[in-house]
Amino acid sequence: MKRESAVGGKDLRSPAAPEPMDEGPAEEPGRVSSAIHELDRVLGGGVVWGSAVLLGGDPGIGKSTLLLQALHGLAAPGRSVLYVSGEESTQQIKMRSQRLGLSSPHLYVVAEAALENILALTEQVNPAMVAVDSIQTIYSVDLESAPGSVSQVRHCAGRLVHEAKKRGRPTFLVGHVTKEGAIAGPRVLEHMVDTVVYFEGERGHSFRILRTTKNRFGSTNEIGVFEMNDSGLHSVTNPSEIFLAERPLGAPGSAVVPAIEGSRPILVELQALVCPSGLALPRRTTMGIDHNRLALLVAVLDKKVGLSLAQQDIFVNAVGGVRVEEPAIDLAIAAAVASSLLDRPIDPHAVLLGEVGLTGEIRGIGRADLRAKEAARLGFRRCVLPRTNLDRVANLGGLDAVGVGSLKEALDQVLR
Ligand code: TYD
Ligand code: MG
């Protein structure tokens, strides 16, 4: 008797055989390039054969645009690619392709939302890759619930991922993110796929950041930076320059920090605005940085540096719609807040680095050399950093490294 599991069609009479860890080659998975530099890098060096990739993000952020550009790139060498859209008509997709100046004879597009039809289609067309936009619009006739419901999303994604594995066919799923940040419907989608990339950015900004939160075939927390304009999304290979392009030189409340995103340093401008509050509970508003971190730094500034912030509203923003969340940016946040309060600008040629401890000490950080190099490359002349990191960055051409041990000392160094 042949027993089949409900999802896999797996033959239970022949269970998999365990292999010793030290035998056989540990092969790098085969990859193909999407011809989009930043997407390839986020995926770990290209699209892995047979992998399932979830592309998440807020509605309108640019998921379909990125996908369409990537599919054109993947289809360019004569690979057949099927783009299934449950959201837009084929006419709309063709018009968008035209507007982006893209055309490929091997990229097929179909407007279809029924899972069974999609599976039949892939059987018939037998494309090298499939993309489904979006998983929330796809439904199976086997289930009674509405498209976008947890059971539909889970069932449809499960079938599509299974097909991807069985045929070794890379499959992209687009998923909308809810306000709370979870992929609408179930978070369970993230467990089913090999790679999860989120497209993020502020609506009003042209920058978009593609972030990996899960990758079975590469490192997570790698990011790709894009700029959206009339001709679509463009890879940004020099993000530091772009993020600093509009920096107000010599304005109080502006600090620059070499943050590390994934494996690369990116210079980010942090801005703070401190002004007297009329509220019983003054505001603490952050964009792009951790709210609790700001609360902690404000307490340290108050208690250890003697700055009176209790009656002040405080706003802190990471410029360009980026999110930076690492302790190494503490000093820059604290300095920006102090600078705004005191109305004294921070040395515009200096970058600031360091974690701030609860006693007001400046603690060592990782990758100081890499960060300082990026600052030097962009023409900064001073790097204020933890004293314990000083030996790592001692001789960097043109960059004067200043070691500090406490927050007070650091502020004395940079506030003019
Ligand atoms: P889209 O890819 O449809 O977003 P999603 O699939 O995530 O919902 O992108 C929608 C926005 O992108 C839309 O507001 C217009 C803008 N856009 C551009 O600015 N330039 C372009 O070349 C394209 C195609 C879209
Ligand atoms: Mg879309």
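The values are calculated or read from the model by the stated rules, or taken from the named source; none is laboratory data. Quick caveat: nothing in here was measured; it's all calculated off a predicted structure. Counting neighbours? That spans all protein chains shown, and the Cβs are built from the backbone with ideal geometry, glycine included.
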V109 vs. criteria within 16 Å of ligand 1 (Cβ to nearest atom), free of Cβ contacts under 8 Å to residues at least 60 places away in the same chain, surrounded by 17 or more Cβ atoms within 10 Å (Cβ to Cβ) and within 30 Å of the chain's Cα centre (by Cα):
yes
I need a count of the residues in region 265-298 that are without any contact (Cβ under 8 Å) to a residue 12 or more places away in the chain and among the charged types (D, E, K, R).
0
Matching residues in region 33-86 (away from ligand 2 (no atom under 16 Å from the Cβ) and either surrounded by fewer than 19 Cβ atoms within 10 Å (Cβ to Cβ) or of a type in the set (D, E) (or both)) number 13
Against the definition (in contact with a helix residue (DSSP H, G or I) (Cβ under 6 Å, 6 or more places away or on another chain) and surrounded by 16 or more Cβ atoms within 10 Å (Cβ to Cβ)), how does A368 come out, yes or no?
yes
Among the listed residues Q91, Q98, identify the single one that is within 16 Å of ligand 2 (Cβ to nearest atom) and surrounded by fewer than 20 Cβ atoms within 10 Å (Cβ to Cβ).
Q91
Pick from region 145-184 the residues that are part of a loop (DSSP other than H, G, I, E, B) and within 16 Å of ligand 2 (Cβ to nearest atom): which of them is modelled with the highest pLDDT?
P147
With the first residue restricted to region 51-78 and required to be more than 12 Å from T171 (Cα to Cα), and the second required to be charged (D, E, K, R) and buried (at least 22 other Cβ atoms within 10 Å of the Cβ), Cβ contacts under 6 Å at 6 or more apart or on different chains are G57/K63; G62/R208; S64/D133
Within region 37-58, can one find any residue that is within 16 Å of ligand 1 (Cβ to nearest atom) and at positive phi?
yes
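Identify the residue in region 119-152 that is of a type in the set (A, V, I, L, M, F, W, C) and touching a Gly at 6+ places or on another chain (Cβ under 9 Å) and, among all such residues, is nearest to R31 (Cα to Cα). Reasoning before the result, please.
Within region 119-152, the first condition is being of a type in the set (A, V, I, L, M, F, W, C), and the residues that meet it are 119-121, 125, 128-132, 135, 138, 141, 143, 146, 150.
From what is left, the residues that are touching a Gly at 6+ places or on another chain (Cβ under 9 Å) are 132, 135, 138, 150.
Numbers: V132: 20, I135: 24, I138: 28, V150: 32 Å.
Looking at the filtered set, the residue picked out is V132.
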